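Working notes, beginning with the structure itself.
The values are calculated or read from the model by the stated rules, or taken from the named source; none is laboratory data. Note that this is a predicted model, so its numbers are computed, not measured. Cβ atoms come from the backbone with ideal geometry, glycine included; neighbour counts cover every protein chain shown. The area values use the complete protein model at the heavy-atom level, side chains included, leaving out ligands, DNA and RNA. Shrake-Rupley method; radii C 1.70, N 1.55, O 1.52, S 1.80 Å.
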Amino acid sequence: MATTRTAPHQLVLVAAALALVGGLYVLPKGIMKPKESKSELNKDAAATANRDGGGMATNGSKTEASSGPVPATATENKGPNAAPHTTTSPAQRQELARLLGEYKAAATPDAKATVATTLARRYNDVERFDSAGYYLEQVALAKPSAQNWQQAADAYFQAFSFAATDERVKLLGGKARELYTKVLKDQPGNLDAKTNLGMAYMASENPVQGVTYLREVLEADPRNEKALYNMGILAVQSNQFDKAVKRFQDLVKVNPKNVNGQFYLGVTLARTGAKEEAKQAFLAAKSLSNDPALAASVEEEIAKLK
């Protein structure tokens, strides 16, 4: 993957959320449309890959079976389906169109898998992660292995982490869960896959299963940074700030240079009234990054401590 790091601009949004609602909304939540079946969702995954056209304006099962030529031109117009944070150059759009043509023309599964690998790489380059996931899934179907399933799952998980609507969260989280389950069937000790599976479950109708997976990861590896971080975030979501502080303290003990751990340690310490300790954690986070947005967010949070 597709790591679960939080970008500095997301930290700024988190700080704003704290100020506005007195809590922290990190994980997206969605409700499956009652008339949309699992098979319909699977068709949507292939057809409307998030950020790649189709999107909210169409039902994927009624569009092309692949992510098709739409993605190659999606950023030329600024319509509701365009991805504002992605840009594709004319050369990139031309290459995507060429590769899509090669994919459709490939005569054998192996030939399709070869082109699909390149397509996934190019979609990843322009941050259209679930189109990347779709083509990586085609590779895994042609050449099943835990590694190939995980590459596809990681791409869908990355798309899930950026999903902007409940429907897309549900769809992409479901695809990530489906594929990580395949990984764990072959590699039950794969803690990275289990952690991401747990987080994908948090946006499902069974979030308790997600917590169970994360706890299993920490039982196997108490120093697992990703699991510590995510358990800390979940504690913040449920306003259990004392527990969150402990998770983030454990995280920065494992890795003092984890900027997200330091930032959220500051956030949670502030919420428990430990203002001086919070200030030190915020300053530690600031010292670990040159990002001006993070620096501004830290200064804002420190100002609130006075």
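Looking across region 205-263, the residues that are among the β-branched types (Val, Ile, Thr) and within 30 Å of LEU171 (Cα to Cα) come down to VAL208, VAL211, THR212, VAL217, ILE233, VAL236. Just to be sure, is GLU167 assigned to a loop (DSSP other than H, G, I, E, B) and either of a type in the set (Lys, Arg) or at pLDDT below 95 (or both)? Spelling it out, it is not the case that GLU167 is assigned to a loop (DSSP other than H, G, I, E, B) and either of a type in the set (Lys, Arg) or at pLDDT below 95 (or both).
Of the residues that make up region 189-201, is at least one part of a helix (DSSP H, G or I), open to solvent by 70 Å² or more (accessible area, probe 1.4 Å) and of a type in the set (D, E, K, R)? No, every residue in region 189-201 fails to be part of a helix (DSSP H, G or I), open to solvent by 70 Å² or more (accessible area, probe 1.4 Å) and of a type in the set (D, E, K, R).
Restricting attention to region 141-155, the residues being free of Cβ contacts under 8 Å to residues at least 40 places away in the same chain, over 16 Å from GLY174 (Cα atoms) and part of a helix (DSSP H, G or I) number 4.
Under the condition of being closer than 23 Å to ALA296 by Cα, crowded, with 24+ Cβ neighbours inside 10 Å and modelled with pLDDT of 95 or more, the residues counted in region 245-260 number 2.
Within region 268-286, is there a residue that is of a type in the set (D, E, K, R), touching a helix residue (DSSP H, G or I) at 6+ places or on another chain (Cβ under 9 Å), in a loop (DSSP other than H, G, I, E, B) and over 22 Å from GLN237 (Cα atoms)? No; the residues of region 268-286 include none that is of a type in the set (D, E, K, R), touching a helix residue (DSSP H, G or I) at 6+ places or on another chain (Cβ under 9 Å), in a loop (DSSP other than H, G, I, E, B) and over 22 Å from GLN237 (Cα atoms). Examine region 215-230 for a residue that is touching a Ser or Thr at 6+ places or on another chain (Cβ under 8 Å), among the aliphatic types (A, V, I, L, M) and within 15 Å of ALA193 (Cα to Cα), and state whether such a residue exists. For region 215-230, residues touching a Ser or Thr at 6+ places or on another chain (Cβ under 8 Å), among the aliphatic types (A, V, I, L, M) and within 15 Å of ALA193 (Cα to Cα): present.
Would you say VAL236 is surrounded by fewer than 24 Cβ atoms within 10 Å (Cβ to Cβ) and over 25 Å from SER145 (Cβ atoms)? The answer is no for VAL236.
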